[in-house]
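Chemist: Okay, handing you the structure first.
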There are 2 protein chains.
Amino acid sequence: MLRTRTCGELRLSNVNETVSLCGWVQKSRDLGGMTFIDLRDRYGLTQLVFNMDWDKNLCEQARQLGREFVIQIKGQVIERESKNKNTPTGDVEIKVLELNILNAASTPPFTIEDETDGGDELRMKYRYLDLRRNVVRKNLELRHRLAIETRNYLDQQQFLEVETPVLIKSTPEGARDFVVPSRMNGGQFYALPQSPQTFKQLLMVSGFDRYYQIVKCFRDEDLRADRQPEFTQIDCEMSFVEQEDILNTFEGLVKHLFKAVKGIELAPMARMTYADAMNYYGNDKPDTRFDMKLVDMKTLVSGKNFKVFDEAQTVLAICAKGAAEYTRKQLDELTEWVKRPQIGASGLVYARYNADGSLKSSVDKFYNEEELKRWAQHCGAEQGDLILVLAGAEDKTRKAASELRLEMGSRLGLRDKNTFSCLWVLDFPLLEWNEGDPNLLASLAGRWHAKHHPFTSPKPEDVPLLSSDPGAVRANAYDMVINGVEVGGGSIRIHNRDLQAKLFEILGFSKEEAQKQFGFLMNAFEYGAPPHGGLAFGFDRLCSLFGGADGIRDFIAFPKNNAGRDVMIDAPGEISEEQLNELNLKLLPKA
Amino acid sequence: MLRTRTCGELRLSNVNETVSLCGWVQKSRDLGGMTFIDLRDRYGLTQLVFNMDWDKNLCEQARQLGREFVIQIKGQVIERESKNKNTPTGDVEIKVLELNILNAASTPPFTIEDETDGGDELRMKYRYLDLRRNVVRKNLELRHRLAIETRNYLDQQQFLEVETPVLIKSTPEGARDFVVPSRMNGGQFYALPQSPQTFKQLLMVSGFDRYYQIVKCFRDEDLRADRQPEFTQIDCEMSFVEQEDILNTFEGLVKHLFKAVKGIELAPMARMTYADAMNYYGNDKPDTRFDMKLVDMKTLVSGKNFKVFDEAQTVLAICAKGAAEYTRKQLDELTEWVKRPQIGASGLVYARYNADGSLKSSVDKFYNEEELKRWAQHCGAEQGDLILVLAGAEDKTRKAASELRLEMGSRLGLRDKNTFSCLWVLDFPLLEWNEGDPNLLASLAGRWHAKHHPFTSPKPEDVPLLSSDPGAVRANAYDMVINGVEVGGGSIRIHNRDLQAKLFEILGFSKEEAQKQFGFLMNAFEYGAPPHGGLAFGFDRLCSLFGGADGIRDFIAFPKNNAGRDVMIDAPGEISEEQLNELNLKLLPKA
């Protein structure tokens, strides 16, 4: 090794040792006859000292070093006169005896500091420099730690990690596939997996009993801020289980991760049905760090000549604790906020339950104080609270109320990133009607779609509804939600050929299509398939949650931008005519 | 859980316990009033007993169970009268009280036994049944174990696992890329990585210091028996190292794996230069479980009027210990063997050093016993040994002699799969001249190619030869060879922009091409790149080596066949016109 020690490990006990260190010049200060350099590596910072009196030549060399130069030094550990208590190596410094420049560095396009002056685009273009920043590197160290702890926990629970193939077959169900033309099978394509779903089920048919994999998956979707075309899942499956067993096993995993990585003992996770989540939070992934449930006001507020409420399909309120002192300006601003197209409400009604016990609303014309008191009672509001009311069509209003609830939670400081509230959401509907989705092929619009995926089993008691009322069938499906983020989800699977065939029929597959696309799985069910189920965690999102961040991008070493491009390597790119010819492909002019 | 115990864990100490088990019917025997069933799961086999006297109805149900039915039973653990010492659960059996058929099974297309009657094609089509066989499942359990041990070892050595992207950019260097058309960037393609090479180097530029990843890689090659289009590497990189540090670190990893997984303490690994390996073994991945070096006979045998030797560029012998008693028939058969096109020798000369001290050769007409004795001396042959001689053009003859050596090693029982001989091969040439390779694009023929890859550093003392004699430049490159299998390889990388640019120039890149393809890496070298190096292990091959197998296919859960097809899911396949249109692609008629 070019070094004997790292820049993070020297302490008072090492004084007088002769050491070699390698690293990057973080900072350099000339103080008269002395030059101080902070040398950085992954493990920390160590202060180097050069002195004109000790070695003029060496000190002059040191003065030439720019930021981010890579150097190797040899020197003696000495005690610092003025110690720096803020850094673990702050008691010592190195009296440098030899200096060797391993590589010079041009001035970086942005500063390599926790708070950088680099904008997003610049950081991504020079991601290799961005990754030098402590804050970003620590995210990836966290990711590594979470992966190791996940594997060791699951290994102890007898799970086997099995690698499933990346070059598989395109299926029309689900989101759009990325495809890979096959040279050896001209005119045919592989697809990249959206998940290893069918393979992990086949492993259960194989008797593997407990499978997991931390695995890359791919979806050719129109990207949103928090979506990547390639993403990583902790993918798991178990045999001979019921839903309860899956919940317990993976609640155990997440508890282990919180304990091992963050030192947090989680409470047992709450559980809620999908119906309750939608009802109380307007959302199938409620943030349960705070209460502020949606309250149905329709009956209470109707018939008072307030047309907006009378004509609305739905009237929903939330009670914002302690917010009665919101100023008119704040309330106006909040009204503008709910009217933004992303939220889509047509207006906002409020009622203040003042500290003095009086009530005052924006609809005093229609509701007297007596009536407002009933509102307060109905919403559980106390003196000092603010009631906010939205009205309109059911779906839109519930969604808007959900957004407003989250916004008020943020504004009232109820969404602390260091508090973790975990929840299982259960009993999802099996199917949903799809009118058309830009991430699906156009030919899939106007059909029943699987809410989770087509391999999810219906609740046995709901099976009769499959023919009569598909939308009412509940699935043995579950999501794990932490702080309003869906971190994982799964289901008990179908393991019976006939039921699986029935599902494909409902999803609009002809018998021939179903056999062509998923015949291998249905055939497998004929050779002794065990009852099984599983789930998958979104690993990128789990990491960002553990890291206390909103986005996933800085938990991925080399992410893509919203156009699916890697701006650092400039991918995707053109390929040669020769490559296209070998693949029997021709490019069409852009549509 | 549908079970309270697995089929592998019950012992005498569990007698009288009431248990639930789930699994597959492995075998069923009717013995008069009793029915015995072997119930199988991943963990083992447990014998179930049904008795007409205990419960006629239940016993009759049990008699209806076919092979591979999935059942759940409840029963009492009882001591067996006739114990089976060959199985861990052989002291007990279960008196069954309840039987529940979880899934029926059709008769499998082949028997689910260690020795199956299923041919290769059938096994692959029904891979989910093939994976039920103990021998195949144990391979994948071994793979899991090796992965876990690899990760924990490297984690302890401060390596961070970092996921690098799968959707990257196509580069003409190296083997053919698989490409992925981008819908959002019409006319452009991603490529799947042949290795994460440039990304891991960028991580070193980022100061990650020690990186690893167990990662899928992809090559669109014409497949041989032991090649898969997708394969897995243990990919590693370190900063501030010299070659010696890499060798020690990864020798440590492999030693750890042998110790932890197989209980074997490996001796320190031998080291050999590429030149010596070619000279003594005719091969850059010699099997060093046995000696039998190639011996240059040219000078010794020339000038005796034996035209074959006189005119040959090269004459090479091996001494097969103890094989003097090979019969004429065996020697004729061996001669036919070397003349096969795969070996390509034109004939085989032999000399027996008989136990009585006499010498007898197939070329007695030209060489008397005195001369044959000199052969023996030169080859280190003793009484009882057989000398085998090949002659012809250098490359062809050395290759044929290498093959013959391995064949004789096998025939003489010197290649025991439970003996492990590890070797570092060092000082590979940096470049090789490529006349044309079916796995490369045609446009790459007739050029210097990087023997390892274009990021490998030349030995500093050989840098001046880069311009004058590129083929003579040795690289800081190394392979780890175990039992004649190249399990890993790597190099110290270039970390200097100018040297990297020089290499691209020698490899035939124009300045513009080099900048377009690898500009991001060369630019990165300008911002403080540390000296770094690394290696990658072929994980599939490492697993098969640990498993004592020749092929890698049964160490991959869902492998592809030699045409790159997954015959189970029938991939690759056609995609819809709609998909093609979205990608701006048109299929051409097959060439």
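Chemist: Quantify how strongly other chains surround peptide B:479-489 by giving the mean number of their Cβ atoms within 10 Å of each of its Cβ atoms.
Modeler: The shielding value for this peptide is 0.
Chemist: Which parts of the stretch A:55-95 would a label at A:Glu17 reach, counting a residue when its backbone N lies under 17 Å from a point 7 Å out along Cα-to-Cβ?
Modeler: Of the residues in the stretch A:55-95, A:73-80, A:88-95 have backbone N under 17 Å from the label point off A:Glu17.
Chemist: At a 1.4 Å probe radius, which order do B:Thr18, B:Thr89, B:Thr299 fall into by accessible area, largest first?
Modeler: If we order B:Thr18, B:Thr89, B:Thr299 from most to least accessible, we get B:Thr299, B:Thr18, B:Thr89.
Chemist: Which residue, chosen from A:Leu465, A:Gly446, A:Val485, occupies the Cα position most advanced towards the positive end of the dipole of the stretch A:381-526, where the dipole is computed from +1 (Lys, Arg) and -1 (Asp, Glu) charges on Cβ about the Cα centre?
Modeler: Sorting the options by dipole projection puts first A:Val485.
Chemist: Moving to a separate point now. Note down the relative contact order for chain A as a percent, whole number, built from C-alpha pairs under 8 angstrom at least six residues apart.
Modeler: Result for chain A is 13 percent.
Chemist: Still on this structure: For the stretch A:191-266, what is the charge dipole size about the Cα centre, in debye to the nearest 20, if Lys and Arg each add +1 at the Cβ and Asp and Glu each add -1 at the Cβ?
Modeler: 300
Chemist: Using a 1.4 angstrom probe and counting only protein chains, how large is the accessible area of B:Ile78 in Å², to 10?
Modeler: Surface open to solvent at B:Ile78 totals about 40 Å².
Chemist: Calculate the spin-label point distance for B:Gln515 paired with A:Glu79, positioning each point 7 Å from the Cα along the beta-carbon direction, and give it in nanometres.
Modeler: Inter-label distance under the simple model: 5.7 nm.
Chemist: How large is the translational diffusion coefficient of the protein assembly as shown in µm² per second when you combine the Kirkwood radius over alpha carbon pairs with Stokes-Einstein at 25 °C and 0.890 mPa s?
Modeler: Rounded, D is 71 µm²/s.
Chemist: Can you give the average number of partner chain beta-carbon atoms within 10 Å of each beta-carbon in peptide A:517-530, as a whole number?
Modeler: Averaged over the peptide's residues, the number is 6.
Chemist: Sticking with this structure for a sec: Diagonalise the Cα gyration tensor of the stretch A:505-566 and give the resulting equivalent ellipsoid semi-axes, square root of 5 times each eigenvalue, largest first, whole Å.
Modeler: 38, 18, 10
Chemist: Same structure, new question: Hey, any idea what the orientation-averaged projected area of the convex hull of the stretch B:12-103's Cα atoms comes to, in nm²?
Modeler: 5.5
Chemist: Something else: Considering all projection directions equally, how large on average is the shadow of the alpha-carbon convex hull of chain B, in square nanometres?
Modeler: For the Cα atoms of chain B, the hull's average projected area reads 36.6 nm².
Chemist: Report the charge-dipole magnitude of the stretch A:387-461 in Debye, nearest 20, computed about the Cα centre from +1 at each Lys and Arg Cβ and -1 at each Asp and Glu Cβ.
Modeler: That gives the stretch A:387-461 a dipole magnitude of about 220 debye.
Chemist: Here is a further query. Any idea how far the Cα center of the stretch A:279-340 sits from the one of the stretch A:468-505, in Å?
Modeler: Going from one Cα centre to the other spans 31 Å.
Chemist: In nm, what is the difference between 0.36 nm times the number of residues separating A:Asn185 and A:Asn561 and their Cα-Cα distance?
Modeler: 132.1 nm
Chemist: Would you mind getting me the FRET efficiency between B:Glu407 and A:Thr419? Use the beta-carbon distance for r and R0 = 51 Å, nearest 0.05.
Modeler: Efficiency, rounded to the nearest 0.05: 0.15.
Chemist: With r as the distance between the Cβ atoms of A:Glu244 and A:Asp276 and R0 = 22 Å, compute the FRET efficiency 1/(1 + (r/R0)^6) and round to 0.05.
Modeler: The formula returns an efficiency of 0.75 here.
Chemist: Show me the three semi-axes of the equivalent ellipsoid for the stretch B:59-157, from the C-alpha gyration tensor (sqrt of 5 times each eigenvalue), largest first, rounded to whole Å.
Modeler: Taking √(5λ) for each Cα gyration eigenvalue gives 32, 23, 14 Å.
Chemist: Another question, then. Would you mind working out the magnitude of the charge dipole of chain B relative to its Cα centre, with +1 at each Lys and Arg C-beta and -1 at each Asp and Glu C-beta, to the nearest 20 Debye?
Modeler: 760
Chemist: Check each of the GluC sites (Glu not before Pro) in the stretch B:300-357 and keep only those in coil by DSSP with at most 11 other C-beta atoms within 10 angstrom; list them in order.
Modeler: Those satisfying the criteria are B:Glu325.
Chemist: Given a Förster distance of 60 angstrom, what is the FRET efficiency for B:Asn434 paired with A:Arg497, based on the Cβ-Cβ distance and rounded to 0.05?
Modeler: My answer for the efficiency is 0.70.
Chemist: Could you work out the percent of alpha carbon pairs in the stretch B:184-326 separated by over 19 Å, rounded to a whole number?
Modeler: 75
Chemist: What nm distances, shortest first, do you get from the label point of B:Ala355 to those in the other copies when the point sits 7 angstrom along Cα to Cβ?
Modeler: 11.2
Chemist: Per-residue mean of other chain beta-carbon atoms within 10 angstrom of the beta-carbon, peptide A:154-164?
Modeler: 5
Chemist: Where does the longest stretch of chain A lie that holds no trypsin sites (Lys or Arg not before Pro) found in a DSSP loop with 13 or fewer other Cβ atoms within 10 Å?
Modeler: The longest such stretch corresponds to A:418-589.
Chemist: Could you tell me what fraction of 2.2 N^0.38 Å the Cα radius of gyration of the stretch B:154-207 comes to, as a two-decimal ratio?
Modeler: The reported ratio for this selection is 1.41.
Chemist: Keeping all protein chains in the complex and leaving out DNA, RNA and ligands, what accessible area do you get for B:Asp114 with a 1.4 Å probe, in Å² to the nearest 10?
Modeler: Number for this one is 80 Å².
Chemist: Using label points projected 7 Å from each Cα along Cα→Cβ, tell me how many nm separate B:Arg328 and B:Lys259, to one decimal.
Modeler: About 5.7 nm, to one decimal.
Chemist: Excluding B:Val481 itself, calculate the net charge of residues whose Cβ lies under 10 Å from the Cβ of B:Val481, where each Lys or Arg counts +1 and each Asp or Glu counts -1.
Modeler: Neighbour charge sum, excluding B:Val481 itself: -3.
Chemist: Give the residue from B:Val363, B:Ala475, B:Met408 lying farthest towards the positive end of the charge dipole for chain B; charges sit on Cβ (+1 for Lys and Arg, -1 for Asp and Glu) and the dipole is referred to the Cα centre.
Modeler: Ranked along the dipole, the leading option is B:Met408.
Chemist: Let me ask you something else. What's the whole-number percent of alpha carbon pairs in the stretch A:165-247 lying beyond 22 angstrom?
Modeler: 38
Chemist: While we're on this one: In the neighborhood of B:Asp222, defined by Cβ-to-Cβ distances under 11 Å, what is the net charge if each Lys or Arg adds +1 and each Asp or Glu adds -1?
Modeler: With Lys, Arg at +1 and Asp, Glu at -1, the net is +2.
Chemist: On full extension of the chain, what length is gained from A:Glu115 through A:Lys373, given 0.36 nm per residue of separation minus the C-alpha to C-alpha distance?
Modeler: Answer, rounded to one decimal: 87.9 nm.
Chemist: Report the Cα centroid-to-centroid distance between the stretch B:540-591 and the stretch A:128-169 in angstrom, as an integer.
Modeler: Using only Cα atoms, the two centres lie 25 Å from each other.
Chemist: Which value at 222 nm does the protein assembly as shown reach when only helices count, each DSSP H run of 4 or more adding -39,500 (n - 2.57), with the total divided by all residues and rounded to the nearest 500 deg cm²/dmol?
Modeler: So the helix-based figure for the protein assembly as shown works out to -8500 deg cm²/dmol.
Chemist: OK, next. Could you report the accessible area of B:Leu31 in Å², rounded to 10, computed with a 1.4 Å probe on the protein chains as they sit in the structure?
Modeler: Solvent-accessible area, nearest 10 Å²: 100 Å².
Chemist: Relative contact order for the stretch B:382-459 using alpha-carbon pairs under 8 Å, separation at least 6, rounded to a whole percent?
Modeler: The value is 19 percent.
Chemist: Can you give the Rg to Rh ratio of the stretch B:290-415, both from alpha-carbon atoms, with Rh computed by the Kirkwood formula?
Modeler: 0.92
Chemist: Here is a follow-up. Using Cα centres only, tell me the gap between the stretch B:367-442 and the stretch A:390-448 in whole Å.
Modeler: Cα centroid of the stretch B:367-442 versus Cα centroid of the stretch A:390-448: 69 Å apart.
Chemist: Can you pull the three principal axis extents for the Cα set of the stretch A:423-556, in Å, largest first?
Modeler: 47, 36, 28
Chemist: What is the list of residues in the stretch A:138-176 whose amide nitrogen lies under 12 Å from a point 7 angstrom out from the Cα of A:Leu465, following Cα to Cβ?
Modeler: So the set is empty, nothing qualifies.
Chemist: Identify the residues of the stretch B:193-212 with backbone N under 19 Å of a label point that sits 7 angstrom from the Cα of B:Glu486 along the Cα-to-Cβ direction, or state none.
Modeler: Taking a point 7 Å out along Cα→Cβ of B:Glu486, the residues of the stretch B:193-212 whose backbone N falls under 19 Å are B:194-198.
The values are calculated or read from the model by the stated rules, or taken from the named source; none is laboratory data. Keep in mind that what you see is a predicted model, and the values were worked out from it rather than measured. Every residue, glycine among them, receives a Cβ derived from its backbone with ideal geometry; neighbour counts consider all protein chains shown. To get the accessible areas, we keep the full protein, side chains included, count just its heavy atoms, and leave off ligands, DNA and RNA. Shrake-Rupley method; radii C 1.70, N 1.55, O 1.52, S 1.80 Å.
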